[in-house]
Structures are given as structure tokens and as C-alpha cells.
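Derivation of every value follows stated rules applied to the coordinates shown; laboratory data play no part. Every value quoted in this text rests on a predicted model; they were computed, and no experiment measured them. Note: ideal-geometry Cβ built from the backbone for every residue, glycine included; neighbour counts use all protein chains shown.
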Amino acid sequence: MLLKHMLRVNITVLALLLACAALVSCDSAKPNQAESARIRTKLEAIPLDQKVQFTNDEWKYILTGCQYYVLRRRGTELPFANAYWHTHEKGIYFCAACGNPLFSSDAKYDSGTGWPSFWQPIGGDAVSAASHSSFSGGTEIMCARCGSHLGHVFDDGPRPSGLRYCMNSAALKFVKAVGN
Ligand SMILES: [Zn+2]
């Protein structure tokens, strides 16, 4: 009798556990979208003049795999096989992670490298530079607002600056100027 009772209790516990497991797995089917939406809302609530300090886990929810590889893992995309290397339209290039305005098309030029190249950022505080040169001879350039990797700057650019900001298209989001 006691054994029968214990068996019944165990079956009830098992059923409850299974129900919990089902609930958890239902929950885990949606959380990416919910979490992405939550992080996007959090990002949009930060004024443009304030820094964005997200963890890589948070960035993962709102960046594509390619964006994450470049922006957060300091990756480099292939030359001549990226979105903006040959773009000549007028507009602004924003940080693909945080939306900070980085470069104007007015400072874009054809460097022949196969990567979007600019001779100056849109403002003095749009990007920040690493304190030392990288193995490529350039200096790493990050978005000054969110710290994401954008590309490198070299000193073989055109006048007047003599600089070549060699960027990854995946790190940028181009918005065409109205009327162009
Ligand atoms: Zn940014």
C-alpha cells in the first residue's frame, strides 16, 4: 500500500517535472526575439552623446554573424566583396552596432583597396584610435561611442589629411542623403 502510494507520488512528481521541462523549452524557443527586442530598446533609449557599454553577449543578440565578427571580434571582411567599397552616393555612414554617425560620403574616396576608404571621420570625436600600431602597419580604429572595431587608419591617404581610414562595410550602415 505504501509502495503504491509512493509510486503514485513519484509519477506525479515526474509529470510535474516533464511539464516544467516543456515550459522551459517553449520559453527557449522565443527568447532570442524577446531578448533582441529588449536590447534594441535599451540601445535606443541611450542618448547619442552618451557611450554604449554592452557586453558581447548583448551585442550577439542584435548583430548579424558577420557584423559581430568584424565589430566585436576585430575581424576583416574580404576586399571588393563587401557592401560599400564602390558606393559613391551621398549620405552618412553610421556605426552598424550603435548608430553613431562616423563618416560622410564627402570624405570617401576610391583608394583601390576594395574597402570603403575615407580621408577623415565626420567629427573629431566620432572614432577613437588604438594607442599602438597593428601588425598591418595601420592603427586600429574603433567607434568612439560603443568601442566596436571598425578598421584601421594608415598615413598614405590623400590630401588634405594624408590619412586613409580603411573601414569594413560590415561595421557601417549607410543612409542615403534625402534628395539624392
Ligand atoms: Zn558604435
Estimated FRET transfer efficiency (Asn32, Thr55; beta-carbon r; R0 22 Å; 0.05) = 0.85
Semi-axes of the range 54-176 from the Cα gyration tensor (sqrt of 5 times each eigenvalue, largest first, whole Å) come to 21, 16, 14
Mean Cα-pair separation over length for the range 103-180, i.e. relative contact order, pairs under 8 Å, 6 or more apart, % = 25 percent
Relative to the present Cα-Cα distance, how much length would full extension add between Arg74 and Ser136 at 0.36 nm per residue of separation?
-> 21.0 nm
Percent of Cα-Cα distances greater than 14 Å, calculated over the range 116-180 = 60 percent
Candidate aspartates and glutamates for bridging to Lys176, where Cα separation is under 14 Å - those fewer than 8 sequence places away on the same chain excluded | Glu89, Asp106
